[in-house]
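Engineer: One structure, pasted below without further comment.
The values are calculated or read from the model by the stated rules, or taken from the named source; none is laboratory data. None of these values were measured; they are calculated from a predicted model. As a convention, Cβ positions derive from the backbone with ideal geometry for all residues, glycine included, and neighbour counts pool all protein chains shown. Protein only, heavy atoms only, side chains kept; ligands, DNA and RNA dropped before computing areas. Shrake-Rupley method; radii C 1.70, N 1.55, O 1.52, S 1.80 Å.
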Amino acid sequence: MNIDLLLKYFPNLTTQQKEQFAALDGLYRDWNAKINVISRQDIDSLYEKHILHSLGIAKIVQFKPGTEILDVGTGGGFPGIPLAILFPMADFHLVDSIGKKIKVVEEVSGALGLTNIKAEQARVEQLNTTYDFVVSRAVTRLKPFLGWVRYKIHKAGNNDRPNGVLYLKGGDLTEELAEVTDRYRVYDLSDYFVEPFFETKKVIYVPKK
């Protein structure tokens, strides 16, 4: 499973993007041997379970140039790094409370030559800036997450969807979504990707009130 999987769903990648995505395999294998940011059994499924999963957000919103995106709890750089490759004219701020994970993000993005990523060891509550979109991959239940990021999103935006939260989650979310009082929309990634891994994977979009 490699970059061919990405090309199946994103056939218009530039040569540079193809090279950057192809380089992720070796970079993450190297860094994962030093700092465990991806589970050992998942490293062989990197392109499916981490990269393509992250790019599920791109099926919901195509970030326009100048869009500012905050990735909360980025871990080893997901979904932020794949999205930053796909949208080189958008700006990404990747934060995680664990310093060694941010080191991996800095090293991988540096090796790829990504100039549209800022990586920072921080908790989202410490940030004073606002963004067009907040993205994340299942760092906690949606209700407390929305509480953390509600005031980190500015109102005015230039994308085809209003600014808001794009949250990657899997499994049965009935109970979790029942807690949420905000308007939201659930997108099934199985509508976009045919691999069995995506059968229960979703993007929850919560536009800013």
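Engineer: Can you pull out the residues in the stretch 84-107 that are within 14 Å of the chain's Cα centre (by Cα), assigned to a loop (DSSP other than H, G, I, E, B) and farther than 18 Å from GLU19 by Cα?
Structural biologist: ALA90
Engineer: OK, next. Of the residues in the stretch 33-71, how many are closer than 19 Å to VAL206 by Cα, outside any loop (DSSP other than H, G, I, E, B) and open to solvent by 10 Å² or more (accessible area, probe 1.4 Å)?
Structural biologist: Final tally of qualifying residues: 3.
Engineer: Ok, one more. Can you work out which of the residues in the stretch 111-128 that are assigned to a loop (DSSP other than H, G, I, E, B) and open to solvent by 70 Å² or more (accessible area, probe 1.4 Å) is farthest from ASN36 (Cα to Cα)?
Structural biologist: ASN128
Engineer: While we're here: Can you tell me which residue within the stretch 184-209, out of those that are basic (Lys, Arg) and within 28 Å of LEU46 (Cα to Cα), is surrounded by the most Cβ atoms within 10 Å (Cβ to Cβ)?
Structural biologist: Applying the filter and picking the extreme gives LYS201.
Engineer: Residue check, VAL108 against (1) more than 16 Å from LEU83 (Cβ to Cβ); (2) surrounded by 18 or more Cβ atoms within 10 Å (Cβ to Cβ), all met but one. Which one?
Structural biologist: The failed condition is (1).
Engineer: Related question: If we keep just the residues of the stretch 175-192 that are part of a helix (DSSP H, G or I) and over 18 Å from the mean Cα position of the chain (by Cα), which is nearest to ILE204 (Cα to Cα)?
Structural biologist: Filtering the stretch 175-192 for residues that are part of a helix (DSSP H, G or I) and over 18 Å from the mean Cα position of the chain (by Cα), the one nearest to ILE204 (Cα to Cα) comes out as LEU177.
Engineer: Taking SER136 and the conditions (1) open to solvent by less than 50 Å² (accessible area, probe 1.4 Å); (2) of a type in the set (Ser, Thr, Tyr); (3) not in a strand (DSSP E or B), which numbered condition does it fall short on, given that it satisfies the others?
Structural biologist: The failed condition is (3).
Engineer: Every residue in the stretch 151-174 that is under 23 Å from GLY66 (Cβ atoms), of a type in the set (D, E, K, R) and either touching a Ser or Thr at 6+ places or on another chain (Cβ under 8 Å) or outside any loop (DSSP other than H, G, I, E, B) (or both), please.
Structural biologist: The answer is LYS152, and nothing else.
Yes/no per residue for (1) without any contact (Cβ under 8 Å) to a residue 40 or more places away in the chain; (2) farther than 30 Å from LYS155 by Cα:
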{"site": "LYS101", "(1), (2)": "no, yes"}
{"site": "VAL104", "(1), (2)": "no, yes"}
{"site": "GLU107", "(1), (2)": "no, yes"}
{"site": "ALA111", "(1), (2)": "no, yes"}
{"site": "LEU114", "(1), (2)": "no, no"}
{"site": "LYS118", "(1), (2)": "yes, no"}
{"site": "GLU125", "(1), (2)": "yes, no"}
{"site": "VAL135", "(1), (2)": "no, no"}
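Engineer: Out of the residues in the stretch 142-183 meeting the condition of being farther than 15 Å from VAL124 by Cα and β-branched (Val, Ile, Thr), tell me which one is most open to solvent (accessible area, probe 1.4 Å).
Structural biologist: THR181
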